[in-house]
Structure formats: C-alpha cells, structure tokens
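Encoded as structure tokens, the structure appears first; notes follow it.
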Amino acid sequence: MLKPLLTLEQVGKIYGGKVALHDVNFAIYPGEFIALVGMSGGGKSTILRLIAQLEAPTAGDIKFADPNTTVRVMFQNDRLLPWMTNLENVSFKSKNKTQQQRAKEMLSEVGLADFADSYPGQLSGGQKQRLALARALMAQPQLLLLDEPLGALDALTRRKMQTFIADICAKQHLTTLLITHDVDEAARMADRVIVVKDGTNVYEADGAKNQDTATIATVSERILNVILHAPATAAGVH
Ligand SMILES: Nc1ncnc2c1ncn2[C@@H]1O[C@H](COP(=O)(O)OP(=O)(O)OP(=O)(O)O)[C@@H](O)[C@H]1O
Ligand SMILES: [Mg+2]
C-alpha cells in the first residue's frame, strides 16, 4: 500500500464561534486525482485553504509525509497580472535562464506558445484558465489544489478544459484536489470523489475518470443522491 501524501485527521475549523469544519478525515495518495463536491457553504474551500496552509485548523492535524511538499493553488478568480505579458505571468519576470525556458515550456504545454508576448486581457476565458494553470505548474508542485477553476466558463469550453486538466495532471503524475459544484465534472475527472456536507466529509466513491459516458452518468447520479440525502454524520463511509 502506498503511503499517503497527506492525511487529514479530525480536522476542525471554527470562525468566531461558528463551526465551519468538524471531524474531517481523509488521506490523499500520490498521483491521485480527488474531487471534493458538495453544497455551497459545506466547507470545501475551507478544507483547501487549510491544506494550502493559508490558514491553520482549530482542531486536528494535517500531516504531510514530506513537510517540503510543494503545493500550488489555482482559484476560479485567476489572479493574473494584467500589466505583465502572458509569459511574464508564468515566469514572474525571472531573469534566470532556466526559469525563462521552463516558463516557455509551460506556455507550450497549455497550448499558448503563440501568446507569450500578448497580455491576459487579450485572452479568452478558457485561455486565461490555461495561463493560470501554466503558472501553477511552473513551481513543479507535487500537490495541485483547484478551487472551482472552471466555474466561469461556458459548457463547451468547460468540457474541453476538464479533459485538458485531467490529461496534464496524469502526464505530470500530479496529485490533484479539485473542488467543484459540478458532480458530472467530478465523476468525469476524478479517481475518487469525496462529498463534503455541513462541515465534514460524509461519503466517498470511486470516480469514473477515463470511463464511458454511461458510467460517468451512473456515478454522478449516485453522488448527487448522496449530496441531497446523506445525513451529515458518518465520516468517510463507502
Ligand atoms: N473567513 C471566514 N470567516 C467566517 N466564516 C467563514 C470564513 N470562511 C468560510 N466561512 C464559513 O465557513 C463555511 C464553509 O465555507 P466554505 O467557503 O468552505 O464553503 P464551500 O463549500 O467552499 O462553499 P461554496 O461551494 O459556496 O464555495 C460557511 O458557512 C462560511 O460562511
Ligand atoms: Mg468554495
């Protein structure tokens, strides 16, 4: 059995007396693509912020097997810098030749090689998300955290980006945690889907990554039912 890349044990988070998370327990294994799904306000983004160490938990532990694990986050709001060229957004204007070369490679990787010298404002929504992905990959993260990265895209671009991100993560053996409201997206992209409800993980199921449309539909229907009907008590039950 592989050792987890990180483990959440009895994790809780309280904001000013209000419980945002309680008893969150799950592990993420190297190379896995995990989707966190659930209703708005359930605690998904809070889990992501705790894993990214942007905030500290008020209870429990988040244990990384290697404390030096490189983690990068990509948000829906892509946070690109409009006054820098697309290439500079990826390289952060590094003068280091190796970094500059890598930034160019990352732009190519996301299909934006021809857009190096233009600006984020000249890109379409899907292209902006690909640029944000190139920037996130620049640091060669072992763990990539994605919070609703595709929420602002139209349905067709979104579908293309789902395949694109899943393929790039597989190719680079990236461990990935994706937050999404879209249960079909979760089933389509993930090896494992974790349902978060009322501040805790209530259910998990195998995803249907690389499987046929019928299987994806069956898996997403089952997960949708859990989101709508599961009691917020049992943690991590199959
Ligand atoms: N900084 C904060 N201060 C106070 N309460 C917060 C803060 N951040 C989150 N919360 C609360 O914690 C709960 C979980 O929020 P979170 O953003 O994690 O939900 P979510 O599952 O990501 O929802 P959505 O799908 O709408 O993004 C909510 O009740 C929210 O109001
Ligand atoms: Mg959120």
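Side notes on the structure shown:
- Where a residue in segment 37-50 is in the same structural domain as GLY199 (by TED's automatic domain parsing) and more than 17 Å from ALA186 (Cα to Cα) and its partner, wherever it lies, is more than 7 Å from ligand 1 (Cβ to nearest atom) and assigned to a loop (DSSP other than H, G, I, E, B), with Cβ under 7 Å and at least six apart: ARG49/GLU55; LEU50/PRO57
- Neighbours by Cβ (under 9 Å, 6+ apart or cross-chain): first from segment 15-31, of a type in the set (D, E, K, R); second in a strand (DSSP E or B) and modelled with pLDDT of 95 or more: ASP23/GLN10; ASP23/VAL11; ASP23/GLY12; ASP23/ALA59; ASP23/GLY60; ASP23/THR200; ASP23/ASN201
- Filtered by the rule that a residue be more than 16 Å from ligand 1 (Cβ to nearest atom), closer than 23 Å to ILE51 by Cα and not in a loop (DSSP other than H, G, I, E, B), segment 172-193 gives THR175, THR176, ALA187, MET189, ARG192.
- Filtered by the rule that a residue be within 24 Å of the chain's Cα centre (by Cα) and on the phi > 0 side of the Ramachandran plot, segment 59-106 gives GLY60, ARG79, PHE92.
- Residue among ALA152, ALA166, ALA205 that is in the same structural domain as ILE47 (by TED's automatic domain parsing), part of a helix (DSSP H, G or I) and hydrophobic (A, V, I, L, M, F, W, C): ALA166
- For segment 127-158, the candidate set comprises residues that are of a type in the set (A, V, I, L, M) and within 16 Å of ligand 2 (Cβ to nearest atom); within that set, the residue that is surrounded by the fewest Cβ atoms within 10 Å (Cβ to Cβ) is ALA152.
- Members of segment 15-44 that are buried (at least 18 other Cβ atoms within 10 Å of the Cβ) and closer than 13 Å to LEU177 by Cα: PHE26, ILE28, GLU32, PHE33, ILE34, ALA35, LEU36, VAL37, LYS44
- Count - residues of segment 25-45 that are near ligand 1 (Cβ under 6 Å from one of its atoms) and either part of a strand (DSSP E or B) or within 13 Å of the chain's Cα centre (by Cα) (or both): 2
- Selection from segment 114-126 of residues that are surrounded by 14 or more Cβ atoms within 10 Å (Cβ to Cβ) and at pLDDT 90 or above: PHE115, ALA116, SER118, TYR119, PRO120, LEU123
The values are calculated or read from the model by the stated rules, or taken from the named source; none is laboratory data. Quantities reported herein were computed from a predicted structural model and do not represent experimental measurements. Using ideal geometry, Cβ is built from the backbone for each residue, glycine included, and neighbour counts are taken over all protein chains shown.
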